[in-house]
Amino acid sequence: MKYIFKKREEYINLLDPQAVEANRVGLLTQWQQERIESITNRSGCITLLFGALIIAMSCGFFTSFQENAQRNDPLYLLVVAVTFAIIFLFLGLNLRASLKKRARIKKDRQNYTILQAEGLLIFEKNGYYFQTNDHRYLFLPPIRHTGGLLPGKTYRVYYLKESGLLLSAEEIAPFITHQARTHMLLILAKSNKFTLDDLKSNRNGKITPSQRIKLLPRVVLGLLIGIVNLIFGSLLLGFYLHGLINTSDFVPIMFLFSIPGILTIFILPSAINGLIDIKFSKLEKTQGIGRKQRRGLFAPNYYYIINNKRFNVRYQAYQALIEGIEYRAYYLPRTKTLLSIEPVVEND
């Protein structure tokens, strides 16, 4: 099992021997100094953003409160006040956390102390973290990438005292590749909601009944929405053709119906493909270097991309995949529904 490091800023190799040598004697490399500077500037921008949002919300609150104070409706004013209070609390807590993080990293930048510890890479619902033997959490470069570290393996790491920013790491004992694969497989199975028995069946080209049933809610909902819209549209058109609806009423009704109608065009074929996958499709598999993709801003979709095939996954599953490693994915062909996934080792 090997990492493929790409030439992108977020792909940081924490196992770089030169960085380890420098950190071991209490020094930072030029690249590490630039990285700390970048993190400090980024945290400053985030702090300013939260501060600006709080100021804007404060202005909006006072303006809204003054405009509606004359309504003499205590319940309405209470709802407005509680709504803004919740928003202020959320922004305030984020601003506080951002200020504390910026203060720690800034202190490290001005007068840094490099500490070392031993520990393991662990996975929690929000991503991967490094946990030292004394139970301190150290933060990886970006959570979406582990810098070359693998779960199940003990490392000696070097990190900044105040912020807990992980700088470099080195292996401290011989390591069996299959051990890392087992830990990664258990993480992927839990986050993607499949069992090792499911995976065993998929390896043999079989799909378990429980895996097929996973598609059933989506298929039923899609078919139901599509059928209801088709029936409603047919009835509406029939009433119009028989003169039961005037032209002046028919146009706005059809305009309103066009919205669910357009949704039906997308939902119904997907539901039909899902039904075919449940009843008739055979399992397919693909293998290649895994990477992740996020699409959308406010309600994003998360994907695995393996061998140019894209699989929609849950957020926790998105966080569980370590990029730059080769995976084998088993899926249903028409809906591209991921059934199971496993890391691949040499001679596997």
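FYI, it's all coordinate maths here, none of it is from the lab. Everything quoted here is computed from the prediction, not taken from an experiment. For neighbour counting, all protein chains shown are included, and Cβ atoms are generated from backbone atoms with ideal geometry for every residue, glycine included.
A few comments on the model shown:
- Y137 paired with A52, simple spin-label distance in nm, labels 7 Å along Cα-to-beta-carbon: 2.9 nm
- Cα gyration tensor, region 269-329 - rounded (a/c under 1.5), prolate or oblate: oblate
- For F298, F239, order by how many other beta-carbon atoms lie within 10 Å, fewest first: F298, F239
- Descending semi-axes in Å of region 146-200, equivalent ellipsoid built from Cα gyration tensor: 29, 15, 6
- Förster radius 22 Å - calculated FRET efficiency between K336 and L221, Cβ distance, rounded to 0.05: 0.75
- Dimensionless Rg/Rh of region 296-348 - Kirkwood Rh, Rg from C-alpha atoms: 0.99
- Label-to-label distance, nm, for residues given as K285 and K206 (7 Å Cα→Cβ offset): 1.5 nm
- Between E171 and N41, the modelled labels are 3.6 nm apart [label points 7 Å from Cα along Cα→Cβ].
- Three-way shape call for region 92-209 based on the alpha-carbon gyration tensor, with the a/c threshold at 1.5: oblate
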